[in-house]
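Chemist: Take a look at the following structure, please.
What follows draws every value from the coordinates through simple rules; no lab data is involved. Nothing here was measured: the structure is a model prediction, and the numbers come from that model. Positions of Cβ are generated from backbone atoms using ideal geometry, with glycine treated the same way; all protein chains shown enter the neighbour counts.
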Amino acid sequence: MSIFRSIVFSAVLSGLIGGAAVTVLQYFSTVPLILKAETYEHQAPEAGVKPTGESTKGHAPHNHASHEHEATAWKPAEGLQRNGLTAAANILTAIGFSLLLAGFYAMRGGVDRHEALLWGLSGFVVFTAAPGLGLPPELPGAPVAALGARQLWWTMTALATALGMGLIFLHRAVWATVLGFCLVVSPHLVGAPQHAGAHSDVPDALSHQFVVSVTITSLLFWALLGCLTGVFFHRFSARSSGASS
C-alpha cells in the first residue's frame, strides 16, 4: 500500500508541475503557429466561394441547416477558456504518463536521477520521436489520412517501440537485441497511412517550424517529467520506508 501511495503522490505532483510547464512552453512556441495556421484554414473555404448566380447551376440546393449546425458547434473561446482547457489536458496527460514512469521505477526498486532522465527520454522516443517519423505533428488545415488508420498506426508504433527498446536495453542476449530492433523498425517498414493528392494552403515553412517546435517541447517535457517523477518517488518511498520502520 505504501508503494502504491508513493506512485500516486509522485505522479500527481510531477504531472501538475510538468503539465503546467509544458503549457507555458506551448504558449510561446506552438500556440502562435497554430493560430497562424488557423487563418489559412479559414481563408481556404472563403477563397473557393463564387457569389454569382452561375455558381449554383447544376448543383444541389444550398443546405443552410448544415451551415447553421457548424456555426453553433461548441468550441472554446479564445483566451482564458482555451488556455485553461489546454492546461487541464496537459496536466491530466502528464499525470497519466507519470503514473507509467512511477510504476516502472517501483518495479526497479527506485532509480537515481540519471536513470530517471533516461526513462524520461525513453518516453520521448516511444510517444513522440518514433510515431513522428511516420506521422509528424500537423497544423490545422493540413491534409491527413483517416483518423482511425492514423490512431491504429500510432498505437502500434508506440507499443512496438516500447517493447523493442525494453528487449534491447533490459536484456543482454543477442536474440533480444535482434528481436527488439525488428520490433522498432517494423511499423516504419509497413508505413504510416498518408492522405494522397490533397492540397494545403498552409506554407511548408510553417509546418516545418511547427514540427520542430512540437518535438523540442516534447523533449523538454519528457526530460522534466522523468526527473520530477524520479525525485518525488524517491522522497515518498524513503518517507514511507522510514515510517514503516
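Chemist: For residue 16 and residue 174, what does the FRET efficiency come to when R0 = 25 Å and r is the distance between their Cβ atoms, rounded to the nearest 0.05?
Modeler: For residue 16 and residue 174, the calculated efficiency is 0.05.
Chemist: Over segment 118-218, calculate the relative contact order: mean separation of alpha carbon pairs under 8 Å at least 6 apart, over the residue count, as a percent.
Modeler: RCO, segment 118-218: 39 percent.
Chemist: Calculate one ³J(HN,Hα) per residue across segment 18-34 by plugging θ = phi - 60° into the Karplus curve 6.51 cos²θ - 1.76 cosθ + 1.60, and present them in order as whole Hz with x for glycine and proline.
Modeler: Once rounded to whole Hz, the list reads x, x, 5, 5, 5, 5, 5, 4, 5, 4, 9, 10, 8, 4, x, 5, 5.
Chemist: Under 5 Å between amide H atoms, partner at least 5 residues away or on a different chain: which partners does residue 135 have, H built in plane at 1.01 Å?
Modeler: It is none; the list stays empty.
Chemist: Can you list residues from other chains, or at least 5 along the same chain, whose modelled amide H is less than 5 Å from the amide H of residue 195?
Modeler: Here 145 satisfy the definition.
Chemist: Let me ask something else about it. Based on the Cβ-Cβ distance of residue 149 and residue 216, what FRET efficiency does E = 1/(1 + (r/R0)^6) give at R0 = 30 Å, to the nearest 0.05? Spell out each step's value before the answer.
Modeler: Numbers: r = 27 Å, r/R0 = 0.92.
Using R0 = 30 Å, I get an efficiency of 0.65.
Chemist: In nm, give the distance between the simple-model label positions of residue 2 and residue 196, each being 7 Å from the Cα along the Cα-to-Cβ direction.
Modeler: So the two model labels end up 6.1 nm from each other.
Chemist: Further question: How do 3-12, 207-216 rank on mean C-beta neighbours within 10 Å, highest first?
Modeler: Peptide ranking by packing, descending: 3-12, 207-216.
Chemist: Right, here's the next one. At a Förster distance of 45 Å, what's the computed FRET efficiency of residue 208 paired with residue 92, Cβ-Cβ distance as r, to 0.05?
Modeler: Given R0 = 45 Å and the Cβ-Cβ separation, E is 0.95.
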